[in-house]
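The values are calculated or read from the model by the stated rules, or taken from the named source; none is laboratory data. Bear in mind the structure is a predicted one, so any value in this text is a computation, not a measurement. Cβ placement follows ideal geometry from the backbone for every residue including glycine, while neighbour counts extend to all protein chains displayed.
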Amino acid sequence: MRVPPPSVTRSLELIGNTPVVRLQHVVPRHCAQIFLKIESTNPTGSYKDRMAKSMIEEAERRGDLKPGTTIVEATGGSTGSSLAFLCAVKGYRFHVVSSNAFAAEKLRTMAAFGANLDLIHSPSGKITPTLIPSMIRRAKEVSTSDGYYFTNQFENHDALVGYETIGHELVQQVPEIDAFCGAVGTAGMVMGVARVLKAKRPETHISVLEPASSPTITQGRPGTHHVEGIGIGIIPPLLDRQLYDEALAISENEGRSMCRRLAREEGLLVGTSTGLNVVAAIELARKLGSGKTVVTVAADTGLKYLRGNLFADQ
Ligand SMILES: Cc1ncc(COP(=O)(O)O)c(C=O)c1O
């Protein structure tokens, strides 16, 4: 009898098809139910794998990206980890502009995949209003040389192609979504998902979130904060006013304490921005009341923040 060959999955096929869990213990009574899409099961542990894949494959499809090209990006490290993974699989070199303000785990992940790290020093170790703009300037400068391709995640609409896949999966996984929320950095994730959810059900309420310590979208006042991946100090160019209903500023401290509750009460180890996502989802669930459904995402895993004080603070 012939033994069937083992089914082999290529590493890029590990991206997507992430599970959804219903929060059980952190949601107060008489609220809408809340579902969390667990994006940490992507290969580098965040939803950024989806956009790294679409930014590279859309550019390849157009012929903008040729073998031998060096990819350049300015990133806090989640996009960088995902691009470093894609580059390792596809054989591109990767020049990444980042900073000591971001988790050492992410910087080391990029290096492990073979990226060339170019770090801008933040004296306070925090994300100041000028840090990300200066990282972007540096990445633009590097990419003017021949043989470089700047993926430019803050303006690249190819990212939305990757993020729409979260929306398509959600409409299969959760039958009727009344509200969806997510914290924004580039805004790519919420915009990609909103495109799909609003096309299916135009009344789906979409909330974009930012740290209350840097209320740029809600009040035009960028500030210093410590939530990696979000609050970039400018209105993100990909943010489309037609695709969201409200912007909410969420307390960093409430977000961080929610991360600790999610670990202890739900067994979900998630990163800081996810804590803010769940705080906002509970706010929406309170307003909507029982019988309704709110969805948000676990952008990444708490494993990326174990060296910091996210789980050490009480
Ligand atoms: C951990 C984390 N959460 C949230 C975001 C925000 O996602 P987006 O850039 O799609 O708005 C990012 C982006 O880098 C991130 O790294």
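With the structure loaded, tell me whether G167 is assigned by the TED database to the domain that holds V297 and either part of a strand (DSSP E or B) or modelled with pLDDT under 95 (or both) or whether it fails that test. Walk me through how you get there before you give the answer.
On the way: assigned by the TED database to the domain that holds V297: yes; either part of a strand (DSSP E or B) or modelled with pLDDT under 95 (or both): no.
In short, no.
Restricting the search to the stretch 181-195, which residues are within 6 Å of the ligand (Cβ to nearest atom) and either surrounded by fewer than 24 Cβ atoms within 10 Å (Cβ to Cβ) or of a type in the set (K, R) (or both)?
none
Could you grab me the full set of residues in the stretch 119-152 that are under 25 Å from E58 (Cβ atoms) and not in a helix (DSSP H, G or I)?
Here is the first cut: in the stretch 119-152, the ones under 25 Å from E58 (Cβ atoms) are 132, 135-152.
Correct list: S143, T144, S145, D146, G147, Y148, Y149, F150, T151, N152.
Just name the residue that is modelled with the lowest pLDDT out of those in the stretch 45-64 that are surrounded by fewer than 24 Cβ atoms within 10 Å (Cβ to Cβ) and of a type in the set (D, E, K, R).
Only one residue fits best here, namely D64.
Does any residue of the stretch 128-138 turn out to be out of contact with any helix residue (DSSP H, G or I) (no Cβ under 7 Å at 6 or more places or on another chain) and free of Cβ contacts under 8 Å to residues at least 24 places away in the same chain?
Yes; the residues of the stretch 128-138 include at least one that is out of contact with any helix residue (DSSP H, G or I) (no Cβ under 7 Å at 6 or more places or on another chain) and free of Cβ contacts under 8 Å to residues at least 24 places away in the same chain.
Considering each residue of the stretch 171-193, count those that are under 16 Å from L36 (Cα atoms), part of a helix (DSSP H, G or I) and touching a helix residue (DSSP H, G or I) at 6+ places or on another chain (Cβ under 7 Å), and give that number.
Going residue by residue through the stretch 171-193, those that are under 16 Å from L36 (Cα atoms) are 171-183, 189-190, 193.
Those still in the list that are part of a helix (DSSP H, G or I) too: 171-173, 189-190, 193.
Applying the additional criterion that residues be touching a helix residue (DSSP H, G or I) at 6+ places or on another chain (Cβ under 7 Å) yields 171, 189, 193.
Count: 3.
Every residue in the stretch 194-205 that is touching a residue at least 40 places away in the same chain (Cβ under 8 Å) and of a type in the set (A, V, I, L, M), please.
If we filter the stretch 194-205 for residues that are touching a residue at least 40 places away in the same chain (Cβ under 8 Å), which is where we start, we get 194-195, 198, 205.
A194, the sole residue that qualifies.
Return the only residue of E283, E252, E266 being among the charged types (D, E, K, R) and either within 14 Å of the ligand (Cβ to nearest atom) or crowded, with 23+ Cβ neighbours inside 10 Å (or both).
Values: E283 fails: either within 14 Å of the ligand (Cβ to nearest atom) or crowded, with 23+ Cβ neighbours inside 10 Å (or both); E266 fails: either within 14 Å of the ligand (Cβ to nearest atom) or crowded, with 23+ Cβ neighbours inside 10 Å (or both).
One residue alone meets the criteria, E252.
Counting just the residues of the stretch 29-39 that are of a type outside the set (D, E, K, R) and either over 12 Å from the mean Cα position of the chain (by Cα) or surrounded by 24 or more Cβ atoms within 10 Å (Cβ to Cβ) (or both), which one comes out farthest from E141 (Cα to Cα)? Talk me through it step by step, then tell me what you get.
Residues of the stretch 29-39 of a type outside the set (D, E, K, R): 30-36, 38.
Pick out the ones that are also either over 12 Å from the mean Cα position of the chain (by Cα) or surrounded by 24 or more Cβ atoms within 10 Å (Cβ to Cβ) (or both) and you get 30-36.
On the way: H30: 53, C31: 50, A32: 48, Q33: 47, I34: 44, F35: 42, L36: 39 Å.
It comes out as H30.
Take T18 and tell me if it is in contact (Cβ under 8 Å) with a residue 12 or more places away in the chain, within 11 Å of the ligand (Cβ to nearest atom) and not in a strand (DSSP E or B). Show your work before the answer.
On the way: in contact (Cβ under 8 Å) with a residue 12 or more places away in the chain: yes; within 11 Å of the ligand (Cβ to nearest atom): no; not in a strand (DSSP E or B): yes.
For T18, the condition - in contact (Cβ under 8 Å) with a residue 12 or more places away in the chain, within 11 Å of the ligand (Cβ to nearest atom) and not in a strand (DSSP E or B) - is not met.
Of everything in the stretch 286-311 that's among the aliphatic types (A, V, I, L, M) and within 13 Å of the ligand (Cβ to nearest atom), which residue is farthest from the chain's Cα centre (by Cα)?
Here is the first cut: in the stretch 286-311, the residues among the aliphatic types (A, V, I, L, M) are 288, 294-295, 297-299, 303, 306, 310.
Next, only the ones that are within 13 Å of the ligand (Cβ to nearest atom) stay: 297-299, 303, 310.
Numbers: V297: 9, A298: 9, A299: 5, L303: 15, L310: 18 Å.
The extreme case among them is L310.
Restricting to the stretch 206-223, name every residue that is touching a residue at least 24 places away in the same chain (Cβ under 8 Å), buried (at least 18 other Cβ atoms within 10 Å of the Cβ) and hydroxyl-bearing (S, T, Y).
Result: S207, S213, S214.
Of the residues E73, E105, only one is outside the structural domain of I234 (by the TED database), outside any helix (DSSP H, G or I), acidic (D, E) and within 16 Å of the ligand (Cβ to nearest atom); which? Can you show your working first?
On the way: E105 fails: outside any helix (DSSP H, G or I).
From the options E73, E105, the qualifying one is E73.
Looking for something touching a Leu at 6+ places or on another chain (Cβ under 6 Å) and small (G, A, S) - is there at least one such residue anywhere in the stretch 199-222? Explain how you work it out, then say what you get.
Keep residues of the stretch 199-222 that are touching a Leu at 6+ places or on another chain (Cβ under 6 Å), which gives 204, 207, 209.
Going one step further and asking which of them are small (G, A, S), we end up with 207.
Yes, the stretch 199-222 contains at least one residue that is touching a Leu at 6+ places or on another chain (Cβ under 6 Å) and small (G, A, S).
Of S214, S290, which residue is in the same structural domain as T41 (by the TED database), on the phi < 0 side of the Ramachandran plot, in contact with a strand residue (DSSP E or B) (Cβ under 7 Å, 6 or more places away or on another chain) and assigned to a loop (DSSP other than H, G, I, E, B)? Give the steps one after another, and end with the answer.
Values: S290 fails: in contact with a strand residue (DSSP E or B) (Cβ under 7 Å, 6 or more places away or on another chain).
Unique residue meeting the criteria: S214.
Out of (1) of a type in the set (A, V, I, L, M, F, W, C); (2) under 22 Å from T144 (Cβ atoms); (3) assigned to a loop (DSSP other than H, G, I, E, B), the odd one out for C87 is which?
Result: C87 passes all but (3).
Please find, among G125, G114, the residue that is surrounded by fewer than 14 Cβ atoms within 10 Å (Cβ to Cβ), modelled with pLDDT of 95 or more and not assigned by the TED database to the domain that holds G185.
On the way: G125 fails: modelled with pLDDT of 95 or more.
The unique qualifying residue is G114.
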